[in-house]
Structure formats: structure tokens, C-alpha cells
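Scroll down for the structure; my scribbles are underneath it.
The values are calculated or read from the model by the stated rules, or taken from the named source; none is laboratory data. Keep in mind that this is a model prediction, so the values were computed, not measured. So basically every Cβ, Gly included, is an ideal-geometry build from the backbone, and we count neighbours across all protein chains shown.
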Amino acid sequence: MCQECCRPSPQPRISRAQFLKLVGLATAGAAFTAGCASGDTGAGQSGGRKLIDNVRGFTLTADGPREFGSLLVEADGRVGGLDVGSAGGAERIDGRGRVLIPGLHDAHGHFGQLGANVSQLNLAGTKSLQEAMQALKTFAAQHPERQWILGRGWNDVIWGLGRLPSAADLDAVVPDRPVWLVRVDGHAGVANSAALRQAGITRDTPTPSGGDIVRGADGAPTGAFVDAAQDLVEQHLPKPTVDDLKQNFLAAQRKLNEVGLTSVSDAGTSAAELAVLHQLAGSGELTIRTNSFLTYDAFRELGAKARTDSVAGDMLRVRTVKLYIDGALGSHGAAMLQPYEDDPGNSGLPQLDAAELRNRVSQVMRDGFQVATHAIGDAGNRMVLDAYEAAAAESASGMRHRIEHAQVLAVEDIPRLRAHGIIASMQPVHATDDMNMAEKRVGHRRIAGAYAWRTMLDQGITIASGSDFPVSSENPFDGLHAAVTRTDRDGQPVGGWYPDQAMSPHEALRSFTLDAAFAAHQERVLGSLEPGKWADFVILDQDPLEPPPGRARWQTKTLQTWVAGRRVGEYGSL
């Protein structure tokens, strides 16, 4: 399944003055009180020193792996030591022999969108158009008050449809209200006729640059829109309120903490969302550390005023700007050097030309931000590498720049990442999600540079792993499983899909911990359990590096999640 990246959802607009006012209120006297905000009142919520004892502890450090049996947490929420001789009267918490590892960091997710999905129609996992349309019918009947029916998660490849869905498909179920359903990768959507009317889209509507309006033989829009063309519909969607955004973040962080995530890099934060994150961090309600990537629009609105390395004890960081160069592989929007194998007239949809990309990259670097650019296809990745190299020669920003996804590269371009210190921010689940169509899209020759983790690691390239939630599962143990086995949850294909590109268990864990922190410029405070770093950790029901017989890595369950030495969630008995 092609599960690349979520497009930004409609956002309320706020001015720079409004943003600064909200941020000023949020950060005045900010202090991290996640333990209280979480509602967890059990052991480990006092502000004193704690000894997490009788555990099978494991952490990766710059000096290699380290095993330990106890973890000392200081009163300030930082690690005091491992296997200390004397805990000095610290409160002892019995880990009952469970596995304890550093909190996991998803290096590329969509924080607010994950929460927003809770209130929308979820079509992920539907096996056919008919099943999806039945779900739409049921959802619409359950929500008669909604002016628009919104949903996401459909996948025409899984459905075996051979085409994108159309307005006619949706009209047969919901003809009376606008409907907008986004593809699983976020790079295509389908509208019903009522939505087309609401948006004023007709056969005369021009196709925007970087997008595609799918048209029938008569030239009329079918209702399907790819990449930039989605904006024609999305600009008419109802905009959430600031309180809606807050509730989205709170709903999402509950899901993320529950699967063992203590940090996330939010790959596209609007100005309004950033103001809400400041408020949540300042009030102590934020229980997952957030490394926010400003959208380019937010960067233009806020500029260097938004830049900060740490809010509320490293609960929020804002030093990255997100750019896009192409679309997704599944919807044939990824920019390719040669046409698609299964669509010979199509080489993808670049979102910017080379000159504009370089201009944006240079602007971001000059303002002291890290650049993180979405690139899927080999042409898109080459354009990003060219832009980074040219801009870096002019600007000594001191930031490590990233390519988000780095999914299909020309083999000869891969060494360029190492040469320029560029981080490959990749999603292991994409390989197993996409394996049913990736080679059909790019062909056997180009697949050599696709999802090429082993090739990159062997060349000394840093891989920061994530999931691209809610496009893919937010559970990092799904990612660890895919990284090590190159199989799906069912263990297919037997032996793994191109298993020579797999990571070792230690490499996979490092990509979700220390290297994810490195990619966020937070390796001095996060990513491993070492004295002076934040005591962010999870207690698990099994060892994800070496699961017991009969169990897979993806079946690992989080029993407790701790952030800055405070337990923010308990999900099972030790």
C-alpha cells in the first residue's frame, strides 16, 4: 500500500500578532506537569527521586548498547544513573522483571491529523469499493447534522478497482450533502457531485500546476483529484476551531503514549496548531514531546519569531520547515526520472520547479531552520539533493537537513546523502505497505534504490524512522517489525520482501530512538537513557529485540509510558 504523507487539513487563520499573544500567554511561567495532567495518580507521580528497580533495561548510546537492572530518576525528571550503588532514599518502584527501553520517537507523523481522524469516517482496511460505500452510508446516517461528510483511508490498489473512485460512486450513497474522501496516502481525494457544486468545479476548471483533475472522456471532472488539485475542494471544507485543534492533539497523544511513543516529529504544523501546542506545553497538558515542522505557509506567516529550541523543558521544539517536491507513488504523483512502468505517459507531478525549490530551501536555511522536504520519486529526491547542496554552499546554518521518505532514489544519488550529512527520514512500514504495487510502478531496475535501508546504513547514512501516521499505523512496533523482517503482520512474504535491505534489531531500535533524536537536534537530551538526559522510557510486556517464541515484534504491548520521570499512562499490569 502506498502510504506516504498527509496533506495539511484546513486550518483556522491567525495573524502573527494573535500568534505571539497566544504564545506569550502559553509560555509565561511554563513548567512541565505531565504527570498531573495525564490524570494518572498512582505511584511515580510525586516530584521526588525514584528508583525503577528489577527491570530488564536496555538502551543504545553513542558508545554502544547498555543493559541495566535499575534506573534512577532525579527529582527534576532526568536520569540520575543506571545500576547505581545507592539510591539515597529514592522511592523504589518494582518493575517486576519487565523490559524497559527508552521512549520511542516517531520521526515523521501528523499529530493533529491523527486526532482529527477520530471524528471522521475511517476507510482504512476496507477491502472493496462496495465495503467503503456501505461504511459511508452508515456514517452519513449516524451524523445527519454534519454539513460535510469527511473521511480518509481508501486505497484503490487494495480494492483492485483499476481506477480512482468517482463522484458517481459516492452519489449512489450520499447525493444530498457534500462528501470528500481522501486516499490513504493523502495525495488524492474524491468528491461527490454536491461537493463539486459547492466548490464550483466544472469541466471549465483549469488543472492547477502540480496536480491533476481526473476527467472523463467528455472532459468533465469525474470527482477524483490528485495532489495540488485537491486544494480546489479542500479550500471549501469547514475549518476547525482552536478548541477543535486542542481536542485533536489531546486525542492523538493518548493514542501515541499508549503505543510507547514519548516524542514525535510533527511533519507539518500550521500557525494555529503551533499556538495550541504552545498552550498545551505551557499548561502541562502535553505528554508527548513534539518537534514541530512548520508548514511553508506557517513559516511565511511567522518567520524567525516562531523559532525555539525548547519550550517547557523540551516538550516543544520549533526549528524545522516542511517542504514538498512531489506526490505519492500509489497515486502516480511521485516525480520520476523516467515514466512509470505501469503508466508510460506519466512521470509524476513535481510540486515546485527547481528554481522555486532552491529559493525556498535557501530562505529556510538563511533563517536558521532545518529543512525537511517530502520526496518520494527518484527525480524528486534528485531535485532536493541539488537544492540542498546549492543552498548549503551559500548558508552555513549548522542544521542537519532531512529528506522525508527518501523512498525511491537513483542508486548513484544515494552516496550524496552521506557526503552532505543529509538525514534519511524513512518509514519502515511503507515498504511492507507498498510491496503490493511498488515494483509495478517503478520496475525491477529502479527498485534497487527503493526502501534501501541496508544500502544507506552501510554507507554511513543516518536513518530516522517514523510511521507517517495516520497514513500508516502509529504503533512503532509495527515499524520495528517491518524494519527487521521486511514482512507484514502475517509474516508475508515468507523470508521478507527484498530481505537484503533489512535492518538489524539494534539498528531498527536506534532509528526510533537515538537517531530520531539526532535528526531532531535533540540527541543531547533525548534518545537514550543516560545521566543528564530526560527520563523518558516505556515498560513493555516482551523484548522487542528478541521476542519470545510464538510472538512477533509487532505484538509488543506497552504497559507503562513515562515522560520526564512521570508516568503518563498505564495500560496493563506489570
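Some notes on this structure:
- Scanning the stretch 483-504 for residues that are in contact with a helix residue (DSSP H, G or I) (Cβ under 9 Å, 6 or more places away or on another chain) and of a type in the set (A, V, I, L, M) yields A483, V484, A502, M503.
- Residues that are free of Cβ contacts under 8 Å to residues at least 40 places away in the same chain and either surrounded by 17 or more Cβ atoms within 10 Å (Cβ to Cβ) or charged (D, E, K, R) (or both) are absent from the stretch 96-119 altogether.
Every residue, every condition in (1) basic (K, R); (2) at pLDDT below 95; (3) within 30 Å of W154 (Cα to Cα); (4) surrounded by fewer than 24 Cβ atoms within 10 Å (Cβ to Cβ), yes or no:
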position: Q253; (1), (2), (3), (4): no, no, yes, no
position: E258; (1), (2), (3), (4): no, no, yes, yes
position: A267; (1), (2), (3), (4): no, no, yes, no
position: L294; (1), (2), (3), (4): no, no, yes, no
position: A298; (1), (2), (3), (4): no, no, yes, no
position: D309; (1), (2), (3), (4): no, no, no, yes
position: A328; (1), (2), (3), (4): no, yes, yes, no
position: A334; (1), (2), (3), (4): no, no, yes, no
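- Near pairs, Cβ below 8 angstrom, 6+ apart or cross-chain, from the stretch 436-460 (within 13 Å of I376 (Cα to Cα)) to any residue that is of a type in the set (F, W, Y): A438/Y451; R441/Y340; V442/Y340; I447/Y498; Y451/Y498
- A508 fulfils the conditions (1) surrounded by 22 or more Cβ atoms within 10 Å (Cβ to Cβ); (2) not in a helix (DSSP H, G or I) except for a single criterion, (2).
- Scanning the stretch 71-89 for residues that are surrounded by 20 or more Cβ atoms within 10 Å (Cβ to Cβ) and touching a residue at least 24 places away in the same chain (Cβ under 8 Å) yields L71, V73, G77, V79, G80.
- Listed by position, the helices (runs of 4 or more DSSP H) contained in the stretch 251-367 that have at least 1 residues being within 19 Å of the chain's Cα centre (by Cα) are 271-283, 296-302.
- The helices (runs of 4 or more DSSP H) found entirely in the stretch 100-171 that carry 3 or more residues being farther than 21 Å from G479 by Cα and of a type in the set (S, T, N, Q) are 129-142.
- Single condition A520 does not satisfy, out of (1) crowded, with 18+ Cβ neighbours inside 10 Å; (2) small (G, A, S); (3) modelled with pLDDT under 95: (3)
- Complete set of residues in the stretch 486-504 that are under 21 Å from the mean Cα position of the chain (by Cα) and in a helix (DSSP H, G or I): none
- Of note, V408 does not satisfy the criterion of being among the β-branched types (V, I, T) and either out of contact with any Gly (no Cβ under 6 Å at 6 or more places or on another chain) or at positive phi (or both).
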